[in-house]
Every structure is written in C-alpha cells, then in structure tokens.
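Single-structure report; data block below.
The values are calculated or read from the model by the stated rules, or taken from the named source; none is laboratory data. All values reported here derive from a predicted model rather than from experimental measurement. Cβ atoms come from the backbone with ideal geometry, glycine included; neighbour counts cover every protein chain shown.
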Amino acid sequence: MKLTVQHTMDAVLTISQIIRDRRPMPQKGAYRLARMHAKLLPEFNTISAQRDAMIKAYGTHQTKTTLCDGVEETVETEDFVVPPDKMGEFTAAWKKIGDEEIDVEIEPIPLSYLDLGDNVDGSIRADELIVLGDLVKE
C-alpha cells in the first residue's frame, strides 16, 4: 500500500495512542491493529530520525525558564527546536518530504473488525478515522 511519509507518521501516532488506551475492540481488530503498528513502526522510526536531523541542523536548543531563589533563570535543554525565524523554511522542506510516497506492505483493516455493535461507540473516534484514512475500509 502506498502512503505518504506524513500519513505514515500521523497513522503511527494515532495507532499508538489507541493501543496505549487499551480500547475495547473485537480480537480481530486488535490483532490487525497490532500487526499494522508493527509494520509501520520501522518506517516511522526512519522518518522521525530524518525529521530530528533536520531540526538539529539548525543548532538551536530549546530553553526552559526556572525560578531559583526568586530569580528567573533561562537554561538550554538537550532538545533541539526550529528557530522561529526559520519555521517557514523548515515547514516547506518538511512538506516536500512529507508528500513523498512510500510503499508499505500492509492491508487496510475492515471497519467491521473495529465495530462493537449497533448503538455503541466504536473503538476508534471519528477524528482518528480521518487520520487513518484508507488504512481502515468498509
């Protein structure tokens, strides 16, 4: 199945949250969701490392302000951020990468595998179904 880089990232974050929430769902749905996560995660890790490298290239550390003896103190953390004046440049560069397509060997999950029956909220919220898109099918 062809997915954009950005869709892959968004899908893994959404699937991970559903798994962490331990939402009730039919066993087939849980199985297929776990398998999908396992197949998408290596792609996500590669993409995330590339994005982190792009951010680190700006060489700007995140700062945090603490109060020490009534005096505000700003210190750099180990985390990197995109400087505000470079955000447009970063966003454009990331969009170009995010729009690239990759081929991942996965099959969409049938909606019936996630359905808990009539008159019952399903395992996955509407906003999550929007993010998952073609990864769930009727």
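Out of the residues in the range 1-25 that are assigned to a helix (DSSP H, G or I) and over 24 Å from Gly122 (Cβ atoms), state the one that is nearest to the chain's Cα centre (by Cα).
Once the filter is applied, the top-ranked residue is Gln6.
For residues that are touching a residue at least 24 places away in the same chain (Cβ under 8 Å) and either touching a strand residue (DSSP E or B) at 6+ places or on another chain (Cβ under 8 Å) or among the acidic types (Asp, Glu) (or both), scanning just the range 7-25, find the one that is surrounded by the most Cβ atoms within 10 Å (Cβ to Cβ).
So the residue we want is Ala11.
Restrict the check to the range 26-35 and report whether at least one residue is under 19 Å from Gly133 (Cβ atoms), touching a strand residue (DSSP E or B) at 6+ places or on another chain (Cβ under 9 Å) and outside any helix (DSSP H, G or I).
no
Considering Lys86, Lys96, which residue is assigned to a helix (DSSP H, G or I) and closer than 29 Å to Glu128 by Cα?
Lys96 is the lone residue from the list that is assigned to a helix (DSSP H, G or I) and closer than 29 Å to Glu128 by Cα.
Tell me the residue from Ala30, Ala49, Ala34 that is loosely packed, with under 14 Cβ neighbours inside 10 Å, more than 23 Å from Phe90 (Cβ to Cβ) and of a type in the set (A, V, I, L, M), please.
So the residue among Ala30, Ala49, Ala34 that is loosely packed, with under 14 Cβ neighbours inside 10 Å, more than 23 Å from Phe90 (Cβ to Cβ) and of a type in the set (A, V, I, L, M) is Ala34.
When only residues in the range 108-134 that are under 16 Å from the mean Cα position of the chain (by Cα) and under 20 Å from Thr4 (Cα atoms) count, which is surrounded by the most Cβ atoms within 10 Å (Cβ to Cβ)?
Leu132
Among (1) within 22 Å of Ser16 (Cα to Cα); (2) over 18 Å from the mean Cα position of the chain (by Cα); (3) surrounded by 10 or more Cβ atoms within 10 Å (Cβ to Cβ), which single condition is Glu105 missing?
Failing condition for Glu105: (3).
State yes or no: is Gly59 in a loop (DSSP other than H, G, I, E, B), more than 19 Å from the chain's Cα centre (by Cα) and free of Cβ contacts under 8 Å to residues at least 24 places away in the same chain?
Yes.
Only one of Gly98, Gly88 is touching a strand residue (DSSP E or B) at 6+ places or on another chain (Cβ under 9 Å), at pLDDT 90 or above and among the small types (Gly, Ala, Ser); which? Can you show your working first?
Values: Gly88 fails: touching a strand residue (DSSP E or B) at 6+ places or on another chain (Cβ under 9 Å).
Exactly one residue qualifies, and that residue is Gly98.
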